[in-house]
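What follows is a single structure, written as structure tokens, with notes after it.
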Amino acid sequence: MSAPGAEPTNGYVRALVADDPLELYETAPCGYLSTEASGLIVKVNRTFLNWTGYRLDELVERRTFQSLLAVGDRIFYETHFAPSLAMEGTVREIAANVVSASGERLPVLLNAVRKDDQLGGHLRTRIAVFDARERRAYERELLAERQRAERAAREARALAETLQRTLLPPAMPQVDGIDVGGAYRPAGDGTVVGGDFYDVFEIHDGSWGIALGDVCGKGASAAIVTALARHTIRALAVRTSRPSDVLRGLHDAIARSDVDSFCTALYLTAEAVDDGVQVCLSAGGHHLPLRVRASGEIEEVGRVGHLLGMLEPLQLHDESVSLAPDEALVLYTDGVIEAQQGGELFGDDRLRQVIADHRDAGAQELADAVAAAAVAFQGQHTRDDIAVLVVRAGVLASR
């Protein structure tokens, strides 16, 4: 320990003693100004002069601090900066632009404190000015990056919507004696193309092909298999009357493709007859359709076969179903029953309840009701695609 009056041996203390306070003020890494209550500059350091290009005699006792600000910032000074300083005694990190001697704008951040006399009168305002050029450039880059990301998201959503529309029929056909309705809801915000699909098309006069499926995966690879599935089903439907043969051909097409994927699918043929609609269906690893009887009874129909594009030998089955007038088949993808709310699934019971509540509705209304209920159950934030297809027996207008 040093004796009284001896030179300090602590290096930090020696540095404080050796440093010239005036030099610290003049060359500080920020600009310093002192102003009177009116804003008139009475003191300014060399750092601020170097940044702005002004001479000392151009500012001290000649200019107010607010007169150095850009026009919009002068208004802000009068309406916010000065009142806040008067009420709080301090302001922090106010973004502004100082106009330099050359007319260029210098982005800055302002901190200020008010010094009062013993009676509370305003003596001085001390202002610290921080160079914000790099920060402002960084903020502009962040904003530009955000705008690019938002633009990319909009473009991705538009592309996904356009591509998804090509994978679904543009509108449900009008079929004499058969009421058909379909509903589709994409997962998430719709920016990723899903793998759910459905299709309704005429095979020959009076006979219609109806397909619904779910391709494993999302995005471009799923879109490739989805397009392959729709086109393959349509091509095979005119060559064979057995739904299981159509699904078998789709299985072979997926297995031969370069995309490592698989799908589940329902394919059925439907033909209006005098006493309703005659249906023949096959299920390739897909949830069986629900038959809604005129009495209100709801039951599964058909037999589940293997997934398409994976197992060999493939096992598929054909099942014939007769729909009486006003009876319906409801086809759906797993995005319906696997919709989640917390750890709870929408499930089969809720699906059957929605169908029961709308069993007298038309095919499109029933399809929309099922899809809407599954979406609402998960708080409008769908985790998986949802596709619903309803086939209802009507009355033949031509007979």
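Please indicate, with yes or no, whether at least one residue in the stretch 367-382 is part of a strand (DSSP E or B), closer than 27 Å to Ser282 by Cβ and either under 36 Å from the mean Cα position of the chain (by Cα) or charged (D, E, K, R) (or both). Write out each step before concluding.
Pass one, the stretch 367-382, residues part of a strand (DSSP E or B): none.
Scanning the stretch 367-382 turns up no residue that is part of a strand (DSSP E or B), closer than 27 Å to Ser282 by Cβ and either under 36 Å from the mean Cα position of the chain (by Cα) or charged (D, E, K, R) (or both).
Could you look through the stretch 47-97, keep only residues that are basic (Lys, Arg) and over 18 Å from Val113 (Cβ atoms), and pick out the one that is least open to solvent (accessible area, probe 1.4 Å)?
Filtering the stretch 47-97 down to residues basic (Lys, Arg) leaves 55, 62-63, 74, 92.
With the extra rule that they be over 18 Å from Val113 (Cβ atoms), the set shrinks to 55, 62-63, 74.
Values: Arg55: 136, Arg62: 174, Arg63: 74, Arg74: 103 Å².
Selected residue: Arg63.
Collect the residues in the stretch 198-242 that are within 24 Å of the chain's Cα centre (by Cα) and not aliphatic (A, V, I, L, M), keeping them in residue-number order.
The answer is Asp214, Cys216, Gly217, Lys218, Gly219, Ser221, Thr226.
Mind listing whichever residues of the stretch 41-89 are part of a loop (DSSP other than H, G, I, E, B) and within 21 Å of Pro107 (Cβ to Cβ)?
Asn45, Gly53, Tyr54, Arg63, Ala70
From the set of residues in the stretch 311-323 that are open to solvent by 40 Å² or more (accessible area, probe 1.4 Å) and not charged (D, E, K, R), which is farthest from Arg185 (Cα to Cα)? It would help to see each step written out before you state the result.
Pass one, the stretch 311-323, residues open to solvent by 40 Å² or more (accessible area, probe 1.4 Å): 311-313, 315, 317-320, 322.
Still in the running and not charged (D, E, K, R): 311, 313, 315, 317, 320, 322.
Working: Leu311: 30, Pro313: 34, Gln315: 31, His317: 29, Ser320: 30, Ser322: 30 Å.
Of everything passing the filter in the stretch 311-323, Pro313 is farthest from Arg185 (Cα to Cα).
Mind checking which strands (runs of 3 or more DSSP E) fall wholly inside the stretch 173-273 and carry at least 1 residues that are without any contact (Cβ under 8 Å) to a residue 60 or more places away in the chain? Show your work before the answer.
Details: elements: 178-185, 196-204, 207-215, 263-273.
Ranges flagged: 196-204, 207-215, 263-273.
Determine if the stretch 353-371 includes at least one residue that is closer than 29 Å to Asp176 by Cα, basic (Lys, Arg), in contact (Cβ under 8 Å) with a residue 40 or more places away in the chain and open to solvent by 30 Å² or more (accessible area, probe 1.4 Å).
Taking every residue of the stretch 353-371 in turn, at least one turns out to be closer than 29 Å to Asp176 by Cα, basic (Lys, Arg), in contact (Cβ under 8 Å) with a residue 40 or more places away in the chain and open to solvent by 30 Å² or more (accessible area, probe 1.4 Å).
Considering only residues of the stretch 247-265 that are in contact with a Gly (Cβ under 8 Å, 6 or more places away or on another chain) and not hydroxyl-bearing (Ser, Thr, Tyr), which is surrounded by the most Cβ atoms within 10 Å (Cβ to Cβ)?
Once the filter is applied, the top-ranked residue is Leu247.
Which residues, taken from the stretch 346-364, are closer than 29 Å to Gln174 by Cβ, in a helix (DSSP H, G or I) and among the small types (Gly, Ala, Ser)?
The answer is Ala356, Ala363.
Taking Leu389, is it under 16 Å from Leu290 (Cβ atoms) and in contact with a strand residue (DSSP E or B) (Cβ under 6 Å, 6 or more places away or on another chain)? Steps first, please.
On the way: under 16 Å from Leu290 (Cβ atoms): yes; in contact with a strand residue (DSSP E or B) (Cβ under 6 Å, 6 or more places away or on another chain): yes.
When the stated conditions are applied, Leu389 passes them.
Considering only the stretch 204-223, state which residues are among the charged types (D, E, K, R) and open to solvent by 30 Å² or more (accessible area, probe 1.4 Å).
Filtering the stretch 204-223 for residues among the charged types (D, E, K, R) gives 205, 214, 218.
Passing the criteria: Asp205, Lys218.
The values are calculated or read from the model by the stated rules, or taken from the named source; none is laboratory data. All of these numbers come straight from a predicted model, not from anything done at the bench. Note: ideal-geometry Cβ built from the backbone for every residue, glycine included; neighbour counts use all protein chains shown. In case anyone asks, the SASA skips ligands and DNA or RNA and just uses the protein heavy atoms, side chains included. Shrake-Rupley method; radii C 1.70, N 1.55, O 1.52, S 1.80 Å.
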